[in-house]
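Taking it in order: structure first as structure tokens, then the write-up.
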Amino acid sequence: MHYFLTEEQQMIQDLAAQVAKEKIRPQRAQLDENEEFPWEIIKVLAQSDLYGLYIPEEYGGMGGGIFENCLAVEKLAEACIGVATTFAASGLGAYPILLYGSEELKGKYLPDIASGQRLAAFGVTESGAGSDVSGIQTTAVRDGDHYILNGTKQWITNGGEAEIYSVLAITDRSKGPRGATFFVVEKDDPGFSFGKKEKKLGLRASATRELVFQDCRIPKDRIIGREGLGFIVAMKTFDKSRPGIGALGVGLAQGALDIAVEYARKRVQFGKPIISFQAIQHKLANMATRTEAARALVYAGARYLDSGPADMSKVAAMCKLFPGDVAMYVATEAVQVLGGYGYMQDYPVEKMMRDAKILQIYEGTNEIQRNIIGQELNKEYGRIKESFF
Ligand SMILES: Cc1cc2nc3c(=O)[nH]c(=O)nc-3n(C[C@H](O)[C@H](O)[C@H](O)COP(=O)(O)OP(=O)(O)OC[C@H]3O[C@@H](n4cnc5c(N)ncnc54)[C@H](O)[C@@H]3O)c2cc1C
């Protein structure tokens, strides 16, 4: 389908597609096998100016929005969502600074993130606090002109590789949800170290590690926003970043569909290409239709969110939820279309099926997205006076 992209948006998409084809596709199996962080590809993405798509020009970015970022993420994800997650997670780490950081913080960190010189990461999750972010235990205690951080963050994407971390910590437990605050922590801050790199079902080109804070001392001006704003910063960040997870899903689904159709046209059984069997055609038709529906939702949702509407959380949740489920479905069906070959590492669909699962889990599980959408519907319809029956 034609989405009426501007010339600039088309260029962004073409550029990301070129990197995906020339750099990611040839290496993805090896990155997966070796659980290797894709530094070489990151350098190419940085040279292509793709890291700054959503960052304002005054901070060295391209001045685009969620939509432009989604266009790039989708194309990278067609080849490998491990690499594309590495790219997208830098945005997740940057958004708290971009949305709520002081001018000083923005000027200090955003240009390096925009140029891809330094990667960012987002540190919220802990062993006892996943969906329920309010359960975090990491603390930040004021000590003169500094804050002292103690605690451990778990499963942080780009952990150990990024240099700039947006980290959520409790500054005043007595204030409950208003007692958490975001800080910028730099990789070489004293008292900051990393746990082991996790071994995962998929997404193996992406590094997932613990962040360990032991009396980690950071200057007080590294606070993002002000004390107590942490949960709002986290939620507003997700409103911006979740369509990007949707774009990962659209890209993965498209990548799996492309392989399935090509294979079905070539594979001959019972004297005919298997694509001539209606059962296979119907599978491919469902895969293609759902992929296009997910793309249409992400594109429309991202454009809408870039206009700064009031109902951001509901739309952002929809943009994350549906493509993630579609990607899991399409990747699983792609394996089925390829039969036994689909199960083997000779074809990329087995990796895609392993990779797809994460899209239903990180940045808020799909159950949590349904909760958000359901709660927002309840509120919206509560405001409508008219009866529909
Ligand atoms: C590869 C990977 C990368 C990640 N990267 C990052 C990162 O960069 N930064 C970061 O901060 N975190 C990151 N995470 C953490 C991720 O966001 C969490 O895993 C996710 O939010 C879910 O938390 P949990 O795993 O603790 O599951 P839990 O919260 O324990 O949930 C377990 C199950 O219960 C369900 N559930 C929980 N509460 C409810 C409810 N109220 N209603 C319905 N169902 C519910 C969940 O949907 C899920 O199915 C990453 C995780 C992974 C696996």
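Here, each number is a calculation from the coordinates, and none is a lab measurement. All of these numbers come straight from a predicted model, not from anything done at the bench. Here Cβ is always computed from backbone atoms with ideal geometry, including for glycine, and neighbour counts include all displayed protein chains.
Would you mind getting me the FRET efficiency between Glu104 and Asn34? Use the beta-carbon distance for r and R0 = 45 Å, nearest 0.05.
The computed FRET efficiency comes out at 0.65.
How do Phe4, Phe194, Phe389 rank when sorted from fewest to most other Cβ atoms within 10 Å of their own Cβ?
The fewest-first ordering by Cβ neighbours comes to Phe389, Phe4, Phe194.
Using R₀ = 56 Å, calculate the FRET efficiency as 1/(1 + (r/R₀)^6) where r is the Cβ-Cβ separation of Ser48 and Lys272; round to 0.05.
Here the calculated transfer efficiency is 0.80.
Given labels modelled 7 Å from the Cα in the Cβ direction, how far is it in nm from Asn286 to Thr365?
Between Asn286 and Thr365, the simple spin-label model gives 2.4 nm.
Please give the net charge around Leu119, taking every other residue with its beta carbon less than 10 angstrom from that of Leu119, where Lys and Arg add +1 and Asp and Glu add -1.
-1
Cα axis of helix 103-115 to longest principal axis of the chain: angle in degrees, 0 to 90, nearest 10?
Here the helix axis deviates by roughly 30 degrees.
If I fit a long axis through the Cα atoms of helix 7-19 and take the longest principal axis of the Cα atoms of the chain, what angle between them do I get, 0 to 90°, rounded to 10?
80 degrees
For Lys23, list the aspartates and glutamates whose Cα falls under 12 Å from its own Cα; do not include residues on the same chain fewer than 8 positions away.
Within the straight-line limit of under 12 Å, Lys23 reaches these aspartates and glutamates: Glu40.
Just the projected area, averaged over all directions, of the convex hull on the alpha carbon atoms of the range 24-177: how many nm²?
10.3 nm²
Give a quick list of GluC sites (Glu not before Pro) in the range 325-389 that DSSP marks as loop, anything other than H, G, I, E or B, with at most 15 other Cβ atoms within 10 Å.
When the GluC sites (Glu not before Pro) of the range 325-389 are filtered for loop state and at most 15 Cβ neighbours within 10 Å, Glu386 remain.
Is it possible to state the helix-based mean residue ellipticity at 222 nm for the chain, with each DSSP H run of 4+ residues giving -39500 (n - 2.57), the sum divided by total residues, to the nearest 500 deg cm²/dmol? What is it?
It lands at -17500 deg cm²/dmol.
Once you have the alpha carbon radius of gyration of the range 133-175, what is it after dividing by 2.2 N^0.38 Å, with N set to its residue count?
1.29
Thr152 label point, 7 Å along Cα→Cβ, cut-off 20 Å on backbone N: hits in the range 102-134?
122-134
Quick one: length gained pulling Asp215 to Ile232 fully straight, 0.36 nm per residue minus the C-alpha distance?
Using 0.36 nm per residue and subtracting the Cα-Cα distance, I get 3.6 nm.
Which angle from 0 to 90°, rounded to the nearest 10, does the C-alpha axis of helix 81-100 make with the longest principal axis of the chain?
So the helix axis and the longest Cα principal axis differ by about 30 degrees.
Which lysines, on any chain, are close to Lys108 with Cα under 28 Å apart, when same-chain ones fewer than 8 places away are left out?
Counting by Cα, and skipping residues close in sequence, Lys108 has these lysines nearby: Lys43, Lys153, Lys187, Lys220, Lys236, Lys240.
Excluding Tyr100 itself, calculate the net charge of residues whose Cβ lies under 14 Å from the Cβ of Tyr100, where each Lys or Arg counts +1 and each Asp or Glu counts -1.
Every neighbour counted, the sum reads 0.
Just to confirm my numbers, what's the Cα centroid distance between the range 152-221 and the range 239-275 in Å?
What the calculation gives is 35 Å, centre to centre.
Run the simple label-point estimate for Asp172 and Arg383 please: 7 Å along Cα→C-beta, distance reported in nm.
3.0 nm
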